[in-house]
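Heads up: the structure comes next, in structure tokens.
The values are calculated or read from the model by the stated rules, or taken from the named source; none is laboratory data. Since this is a predicted model, take the numbers as computed values, not measurements. As a convention, Cβ positions derive from the backbone with ideal geometry for all residues, glycine included, and neighbour counts pool all protein chains shown. Keep in mind that these areas ignore ligands, DNA and RNA; they rest on the heavy atoms of the full protein, side chains included. Shrake-Rupley method; radii C 1.70, N 1.55, O 1.52, S 1.80 Å.
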Amino acid sequence: IRCWSNIPFITVPLSRAHGKSFAHRSELKHAKRIVVKLGSAVVTRGDECGLALGRLASIVEQVSMLQNQGREMMIVTSGAVAFGKQRLRHEILLSQSVRQALHSGQSQLKDMAIPVLEARACAAAGQSGLMALYEAMFTQYSICAAQILVTNLDFHDEQKRRNLNGTLHELLRMNIVPIINTNDAVVPPPEPNSDLQGVNVISVKDNDSLAARLAVEMKTDLLIVLSDVEGLFDSPPGSDDAKLIDIFYPGDQQSVTFGTKSRVGMGGMEAKVKAALWALQGGTSVVIANGTHPKISGHVITDIVEGKKVGTFFSEVKPAGPTVEQQAEMSRAGGRTLAALQPEQRAEIIYRLADLLTDQREEILLANKKDLEEAETKGRLALPLLKRLSLSTSKLNSLAIGLRQIAASSQDSVGRVIRRTRIAKDLDLEQVTVPIGVLLVIFESRPDCLPQVSALAIASGNGLLLKGGKEAAHSNQILHHLTQEALSIHGVRDAVQLVNTREEVEDLCRLDKLIDLIIPRGSSQLVRNIQKAAKGIPVMGHSEGICHVYVDTDAGVEKVTRIIRDSKCEYPAACNALETLLIHRDLLRTPLFDQIIDMLRIEQVKIHAGPKFASYLTFSPSEVKSLRTEYGDLECCIEVVDSVQEAVEHIHKYGSSHTDVIITENEKTAEFFLQHVDSACVFWNASTRFSDGYRFGLGAEVGISTSRIHARGPVGIEGLLTTKWLLRGDNHVVSDFSEHGSMKYLHENLPLPQRNAN
């Protein structure tokens, strides 16, 4: 027996120890007992007369899904008044139409007035129908529902509270979903100012306070409050500067301005916040979210339970650092300051970062050693990922060289004039390069990616948000610290931010008002997930690196094995490594073919036979499951083609438009291949591994793009720039250029200013 508000009530122990609410959204997936509160605006139609059946069916489906996962679901619902109003209006209209038809004739029907309906009568008429609807919907999922009607007085009578508590626990034990509502047919008017006067007192005057009280008394893990707004805003929703509050902490209510209450129902947002804070203090986590938005209402409840960033989450644990939204805003402000620096100043920052990579080598390698030891202890990383995670002195030296190359080549990247046009006399137009804005780079296992991408962002004047994998946490932390140290020499420390919160990648991809471009660096699965999750933000990158090498009949014998070995074996985990080897049919059963096979065996490369190759062999290697496979290891597919034309067709059908190579001494055949293969990088007699920003002389790359717009191939500084137009005039107006105007368009191309020779 526990005491609450000086009145004892019985509780039943749960598998999860109750007492503290969840500290982070990611923990909500562990919620066992959940109350879903459906506000009047969620349940009712826009005309406030009748129920939103489609929305209600979607909510029932989500609740049923969670119930069938083994959770204990309860619903606190509104809607009886609206449902009853619909029924009573129908009855009144029918009754009036009969009377007026008898006494006044049909011509008077249009003048009928519907009287104001009393809420208690509407509730009495609507409660049975509302419950019947819930029962019918839950039956579709083989779930039983039970109705419980309560009033505020029921919570002040000790015996009634015991009975209510016992009934709810018994229903949950039998896998029944309790549907609770205030008994609006008999409920007295709420006492003014009686709600939430103290921590231990809550008056049930609306379904918000009912849900909060019920959640605490039933020791619920999570209370989901659905209304017609996205959550809690720092100012009234709809105002220009209103921002959704992702996490709300006790004490923050002083900084919030509350708007009016929803279009229907008893409680406004202020009542919801008070009820939520009361439930939070009682040990129940709370999320307030929108249950009416057509794009999200179909999965809002399940999204919340999965820990996705939906609505406003109430937490008692305030993180030490800024939120990711604040980091994005800091990054944008820092990026704009960075772009306003002189090119020499941006270069100086990058040179400083390059020096720090070598000067602080020991500290970096020590941090990286911790990551490697933790990864090996936990055994969660495959060998290729462990290789990517590892840093060495030679890697750091190569990084420093690449960064200095970026610094040297970035002198005129931002603000470069790429087109000048004289529109008319004294009216000159310029197109100049500018930063894209705020970049979000998400990368796995590769801590060397952090200084590379940071240097490119600095050189191009972009703000940068970095989200690294937890397997490289120690390495990323020190590399980011060194990056900010370098940025500090010109006061732009905030331009590069490392996201350290428990932010899910999917949630980051929804920040379309804060992030301008997402660049994923990692596995093909990571890239596909980000491309799927990105909402309104362009994604630059490639989901797969299925690179081909075609060996032509005129291939130079001394070049073939050398190029194939380098393409496949130099770094098999790289996205630019060979995955499919195409052999011209005439080379089968030749010494050159035998040399290729012997070399692959010596290098311990596992061979998978393509369908045509397998048909030529009596005893073949394992036949490939798919010709669209990126192995990322010492494995490759061998397939046979009849001509260079067939090789091109194979690449177009099964490739990923990344990097493809021809080995031949026939210049005509090579040029055909170079011109017809539609990939980001197409090479002649060179390894696929040259597809790299550093090797291209870009200093480094943020990734390799197979997109067909903006940037393609290894993306360096140029790929992180866009343009804007500058028009300089002198009292010019468009009307002067009309048919009878005084001015004429010239549209003369003007010479570009000389680029910096350095």
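May I ask for the net charge around Val434, where only other residues with Cβ less than 15 Å from the Cβ of Val434 are counted and Lys, Arg are +1 while Asp, Glu are -1?
Once all neighbours under 15 Å are counted, the net charge is +2.
Taking all protein chains in place and a 1.4 Å probe, what share, in percent, of the accessible surface of the chain do carbon and sulfur account for?
Ligands and nucleic acids excluded, carbon and sulfur give 51 percent.
Can you find, among Thr501, Ala533, Ser567, the residue sitting farthest towards the positive end of the charge dipole of the range 496-567, where Lys and Arg contribute +1 and Asp and Glu -1 at Cβ?
Of the candidates, Thr501 comes out farthest on the positive side.
Considering the options Leu357, Gly79, Ser707, tell which one lies farthest towards the positive end of the dipole of the chain, charges being +1 on Lys and Arg and -1 on Asp and Glu at the Cβ, about the Cα centre.
Gly79
May I ask you to list the trypsin sites (Lys or Arg not before Pro) in the range 507-538 that are in a DSSP loop and have at most 15 other Cβ atoms within 10 Å of their Cβ?
Lys513, Lys535
Could you size up the charge dipole of the chain around its Cα centre, putting +1 on the beta carbon of Lys and Arg and -1 on that of Asp and Glu, and report it in debye to the nearest 20?
1540
Normalised by the number of residues in the chain, what is the relative contact order in percent for Cα pairs under 8 Å and 6+ residues apart?
Reported relative contact order: 11 percent.
Quick one: net charge of Arg55's neighbours, Cβ under 13 Å, K/R +1, D/E -1?
0
Ratio of the chain's C-alpha Rg to 2.2 N^0.38 Å, to two decimals?
1.23
Determine how many Å³ per residue the convex hull of the Cα atoms of the range 547-701 encloses.
Once divided by residue count, the hull of the range 547-701 is 105 Å³.
Straight-line reach only, C-alpha to C-alpha below 16 angstrom: list the aspartates and glutamates that Lys272 could link to, leaving out same-chain residues fewer than 8 apart.
Asp195, Asp206, Asp208, Asp228, Glu230, Asp234, Asp246, Asp252
May I ask for the net charge around Ala670, where only other residues with Cβ less than 13 Å from the Cβ of Ala670 are counted and Lys, Arg are +1 while Asp, Glu are -1?
-4
Go through Trp278, Gly729, Gly46 and say which Cα lies farthest out towards the positive end of the charge dipole of the chain; charges sit on Cβ, +1 for Lys and Arg, -1 for Asp and Glu.
Going by the charge dipole, the pick is Trp278.
In this model, which of Lys318/Lys369; Lys370/Lys568; Lys32/Lys378; Lys387/Lys568 are farther than 20 Å apart at the alpha-carbon?
The pairs that break the limit, which is 20 Å between Cα atoms, are Lys318/Lys369; Lys370/Lys568; Lys32/Lys378.
In the chain, which longest range has no chymotrypsin sites (Phe, Trp or Tyr not before Pro) that are both DSSP loop (not H, G, I, E or B) and surrounded by at most 10 other Cβ atoms within 10 Å?
Result, exposed sites excluded: 1-618.
Assign unit charges at the C-beta atoms only (+1 for Lys and Arg, -1 for Asp and Glu), then state the dipole size of the range 547-701 relative to its Cα centre in Debye, rounded to the nearest 20.
Computed about the Cα centre, the dipole is about 300 debye.
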